[in-house]
Amino acid sequence: MKAATSTSGPSLSLVLTKGTCPICGILKDFQWTLAETTRPQSDLRLCNFHGWALARSREKLSRSTPGESVTMVFLEMLKGPLAGKVSSDQCSLCHRVLEEEGARLRELAQKLQGAMFAEWMKTQGTLCLEHGRKVKEFIPLRLRTLVDEIVERNRGELERDLEAFREQLKHGIHEGGGLLGRAAEFLVGQRGL
């Protein structure tokens, strides 16, 4: 696969938010944009997730041209050779998401070499386990400890927050359920990625 350079979406610096992995956030938005902008072609192959994402996309039929509608995408797929169930390894949109992920990991690796960015990430930034592991492939050895520190701080914060949430639940207080989504993202990444 060719090396991808990111040309779409916001810069990594614009999506930094405490408690959220910036790579997961960018990829989540990127993949939903793909579902809304996929062009019709008979050789398009979609995994289960992206097939349903495309079917659910919020197209506005009155404003889209016929060649860009989800209806046309499915019609073109039906006109081509039918492949049956497609794995994520064979999915056209999964390939595009992986290319974007690689570009964004390289962007993060480059930014981590800046002192101010590295310090912010060390004290405030979030990386999920998967992207913490993957970014290490793109950074110098001297920065790998920094990534481990970020991931470990995130793990510790989530553990403390979940312990406090569990105590709240014992008293019938259910506020803070978004914490479960943050824990899921940290452990397994964004849904559908």
Task: Cα-based Kirkwood hydrodynamic radius, the range 18-188, one decimal, Å - done: 18.6
Task: Alpha carbon centroid spacing (whole Å) that separates the range 101-119 from the range 120-168 - done: 14
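No lab work stands behind these numbers, since they all come straight from the coordinates. From a predicted model like this one, the values you see are computed outputs, not experimental measurements.
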